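Notes follow once the structure below has been shown.
Just so it is clear, none of the values below were taken in a lab; they were calculated from the coordinates. Just so we're clear, the structure is a prediction, and the values are computed from it rather than from any experiment. Here Cβ is always computed from backbone atoms with ideal geometry, including for glycine, and neighbour counts include all displayed protein chains.
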Amino acid sequence: AACEDMVLQVAVGAAAGFALARTLARQGSRAAPIDGGDGKARDDGGVRDGDDVVDDDKDAARNAAAGSKKPVVVYMDGCFDCMHYGHANALRQAKACGDVLIVGVVNDAEIKRCKGPPVCDEAERIEMVQACKWVDGVIGDVPYEVTDEFTDELFAKHGVDYVVHGDDPCLLPDGTDAYAYPKRIGRYKEIKRTEGVSTTDILGRLLRVGRKAAGETLEAAEVKEATFCTTSSRIAQFGSRTSVPVDGKVVYVSGAFDVFNRGHVEILRKAKELGDFVLVGVHTDADVRARCGDEHPVLNEKERALSVLSCRYADEVVIGAPAKITNDLLTTFNVSIVVAEDEDEYLIDGEDVNALAKARGLYRVVERAHG
């Protein structure tokens, strides 16, 4: 049931640093801290600095070595509708352009004016951006066009040093460049767009899923496979640098996590409250298909894993995890608590997939507001 509910819902409708907190408080910024010149950022995890490429770790070390030097605050905005791992990768690259990343979320009216009505409302889009682990603060209700006045407000009120955007064109209804002003004054940095995924592409996949579920036969030309190729370096860029703790309380959350949404964020946030380390098991495409139907999953297991890895409440991910909780899994990862994305009973070979966790008293049900 959760598989259909997720498709319907989507188709229809570490804490910030002390320096950031002080800056925001001093400036009275409306950017909300998150709990818990022509340089170009490259899509290999590094920032182009002259002829050198500085990876995320080296860049962080260099900034830390500056000591009392003012942190570089960068700003990136967007619609972030049906937020996916392509958005997350853009935010990852943007964060690598500085020390503090503030993200602006365009309001519903502006999106409707410039692109058409969004699928997700502003509150949901803000919630998804706040959950991204590379984001330090969020400003809501921002305009689509980065006007001179708004850009000056970013510089003066929010302490922004550079405005960041992807290398794909961002044009206003009149055909002009939305980022013309920060480019003109040399306070603009550009990152590489993530190919192979877009909100339009995901919505297309969802619509095809809905049509297949309704009994329609799709023409061969309409059946489009995912074109995003997940590399080991991409997994490393998104991945955690912390290992599963030996003596900590590990919470294991398993599921499909297809089309990552606010319901998934809520589950992971509540799982985090139950322990010290959240390990997420992302099920294989075959297991999701067996449970939810041939039209599922919408995203393949590596795409789904990247979305989970970008969430600040997930510490590590098991890609292609077994659908059934096993003794090997519980022992290998020192699991203390088990939470399921889909709490409906599901049997494999006549046995509930969570039977072992329930028998050992490890299984927990978390209340959720977003299904």
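What order, most packed first, do the peptides 170-180, 97-107 have when packing is the mean number of other Cβ atoms within 10 Å of each residue? Intermediate results must be reported in sequence, preceding the final value.
On the way: 170-180: 12.9, 97-107: 24.9.
Top of the packing list down: 97-107, 170-180.
Any chance you could run the full-extension gain for Lys157 through Ser233? It's 0.36 nm times the residue separation minus the Cα-Cα distance, nm to one decimal. Spell out each step's value before the answer.
Numbers: separation 76, 0.36 × 76 = 27.36 nm, distance 3.70 nm.
Extra length from Lys157 to Ser233 when fully extended: 23.7 nm.
Just to compare against my own numbers: the Cα pair-distance distribution for region 302-346, 10 Å bins, whole % per bin, please.
20, 53, 27
With a Förster radius of 51 Å, plug the Cβ-Cβ distance of Asp352 and Glu195 into 1/(1 + (r/R0)^6) and report the FRET value to the nearest 0.05. Kindly include the intermediate steps, with their values, before the conclusion.
On the way: r = 41 Å, r/R0 = 0.80.
My answer for the efficiency is 0.80.
For the residue pair Arg368 and Thr331, what label-to-label distance in nm results when each label sits 7 Å from Cα along the Cα-to-beta-carbon direction?
Here the answer is 3.0 nm between the modelled labels.
Starting from the Cα gyration tensor of region 235-371, multiply each eigenvalue by 5, take the square root, and state the resulting semi-axes largest first in whole Å. Please report the intermediate quantities before stating the final value.
On the way: eigenvalues 79, 71, 42 Å².
Listed largest to smallest, the semi-axes of region 235-371 are 20, 19, 14 Å.
From a point 7 Å beyond the Cα of Asp247 in the direction of its Cβ, which residues of region 323-345 have a backbone N at a distance under 17 Å?
334-336
If I model a spin label as a point 7 Å beyond the Cα along the Cα-Cβ vector, how far apart are those points for Ser240 and Asp344 in nm?
2.9 nm
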